Amino acid sequence: MNTLEIIEVDISVELGATILPIHHLLRLGRGAVIELDSFENDPMRIYANNTLIAKGEISVDDGQLNVVVTEKVIKAV
């Protein structure tokens, strides 16, 4: 079990995505709003080491923001 304790996994949660030309990106200022390709009730995508592993939703508990896994993504071989 000690071997598993030292393995690092980068977990990221994606709320949505967009394509933005670099010249628009450079003009963004503080408080700028970027429209994403998803809506508030769409599931978020959860990645481990840049590989999609699950989908989930946001939960707030005592002011703490949490991600609840609602669906595992099975990768076809």
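The values are calculated or read from the model by the stated rules, or taken from the named source; none is laboratory data. Bear in mind the structure is a predicted one, so any value in this text is a computation, not a measurement. Note: ideal-geometry Cβ built from the backbone for every residue, glycine included; neighbour counts use all protein chains shown.
Yes/no matrix, rows are residues, columns are (1) within 14 Å of SER12 (Cα to Cα); (2) among the charged types (D, E, K, R); (3) modelled with pLDDT of 90 or more:
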site: HIS23; (1), (2), (3): no, no, yes
site: ARG27; (1), (2), (3): no, yes, yes
site: GLU40; (1), (2), (3): no, yes, no
site: MET44; (1), (2), (3): yes, no, yes
site: ALA54; (1), (2), (3): yes, no, yes
site: VAL60; (1), (2), (3): no, no, no
site: GLN64; (1), (2), (3): no, no, yes
site: VAL68; (1), (2), (3): yes, no, yes
site: GLU71; (1), (2), (3): no, yes, yes
**Asked** Of GLY31, GLY16, GLY56, which residue is more than 24 Å from ILE74 (Cα to Cα) and outside any helix (DSSP H, G or I)?
**Response** GLY31
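Output the residue which, of all residues in segment 11-29 that are touching a residue at least 24 places away in the same chain (Cβ under 8 Å) and among the β-branched types (Val, Ile, Thr), is surrounded by the fewest Cβ atoms within 10 Å (Cβ to Cβ). Steps first, please.
To start, the set of residues in segment 11-29 that are touching a residue at least 24 places away in the same chain (Cβ under 8 Å) comprises 11-16.
Checking the rest, the ones that are also among the β-branched types (Val, Ile, Thr) come to 11, 13.
Working: ILE11: 11, VAL13: 13.
Residue satisfying both the conditions and the ranking: ILE11.
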